[in-house]
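The values are calculated or read from the model by the stated rules, or taken from the named source; none is laboratory data. In this text, all values refer to a predicted model and were calculated from it rather than measured experimentally. Virtual Cβ from ideal backbone geometry, glycine too; neighbours counted across all protein chains shown. The area values use the complete protein model at the heavy-atom level, side chains included, leaving out ligands, DNA and RNA. Shrake-Rupley method; radii C 1.70, N 1.55, O 1.52, S 1.80 Å.
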Amino acid sequence: MSKWSTLQRACVLVALAAALVAAVVGGLAAWQWVFDDPGWLSWHGWVFGAALLTGAAASGPFLRYEVSPGAVVGIGLFLLVPPLVGVLMAASATDDIRSWMRTDKAVTATLSGCHVSGSETLESDRGPIGSIDVYSCTYRWTAAGQDWEQVRRSRDGDHPDGHREQVWADGSTGEVAEHRPVRIGMGILVALACLVGTVLVWGGQALLLHETGLLGRRRPAGA
């Protein structure tokens with residue numbers, strides 16, 4: 001005789017479905033957010049919130065005896081964090097790759113008016129170890145048949161007026177952008193790691209629920 005009631009079995013299925021919906025819709029919203037589309041302010045945010053509330057409500061039959069509210073939150077984060085982080089990293093790498101492909105024309109920019117525009121904290125495995133000044137300069141370049149001007153962060157710090165630096169521009173619009181191969185590579189690696197983690201977490205959770213008899217009935221020993 002199973003110790004789980006029909007209601008508890010049904011609630012597990014509802015909670016898993018709600019987590020799946022939250023992961024998919026949250027991933028879509030995160031992808032749009034990276035590309036400057038406020039996905040969280042559209043229907044994605046409402047569906048994501050409704051899925052979380054549904055999953056929390058489905059845990060009700062377990063809270064009194066087997067599971068604490070903290071454990072419910074922990075399981076939810078355990079299921080949702082890997083896919084959402086993976087989508088964010090994949091979207092960031094995709095955005096960088098698209099920018100790289102658009103800005104494929106090397107042009108020379110002339111710098112002027114370099115100034116301290118902020119500071120950046122240096123980190124180590126033991127915490128912050130100091131800070132460095134961040135410089136911004138006025139970049140002037142010619143692309144797409146026009147002269148352009150923009151205040152941008154200097155990659156190499158302070159420069160005297162008239163310093164020349166190569167930048168990458170879009171030959172059609174004149175837009176300039178940084179090419180970030182290291183960030184792209186790290187984004188792809190983290191996204192792949194999160195994909196593997198998602199498969200392991202969701203598969204392991206399904207296996208655990210099956211072994212406990214909450215997701216399908218276990219075979220009797222020796223059957």
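Would you mind stating whether residue 45 is out of contact with any Leu (no Cβ under 6 Å at 6 or more places or on another chain), open to solvent by 30 Å² or more (accessible area, probe 1.4 Å), modelled with pLDDT under 90 and part of a helix (DSSP H, G or I)?
no
Assess whether residue 157 counts as being modelled with pLDDT under 90, surrounded by 12 or more Cβ atoms within 10 Å (Cβ to Cβ) and at positive phi.
The answer is yes for residue 157.
Looking at residue 162, is it in contact with a Phe, Trp or Tyr (Cβ under 9 Å, 6 or more places away or on another chain) and more than 30 Å from residue 80 (Cβ to Cβ)?
The answer is no for residue 162.
Could you list, in sequence order, all residues of segment 68-112 that are under 30 Å from residue 140 (Cβ atoms) and among the aliphatic types (A, V, I, L, M)?
Those that are under 30 Å from residue 140 (Cβ atoms) and among the aliphatic types (A, V, I, L, M): 97, 101, 106, 107, 109, 111.
Test residue 86 against the stated conditions and say whether it is open to solvent by less than 20 Å² (accessible area, probe 1.4 Å), closer than 30 Å to residue 24 by Cα and not aliphatic (A, V, I, L, M).
So residue 86 passes the test.
Restricting to segment 160-179, give me the number of residues that are open to solvent by 70 Å² or more (accessible area, probe 1.4 Å), under 8 Å from residue 103 (Cα atoms) and either in contact with a Leu (Cβ under 7 Å, 6 or more places away or on another chain) or among the small types (Gly, Ala, Ser) (or both).
Matching residues across segment 160-179 total 0.
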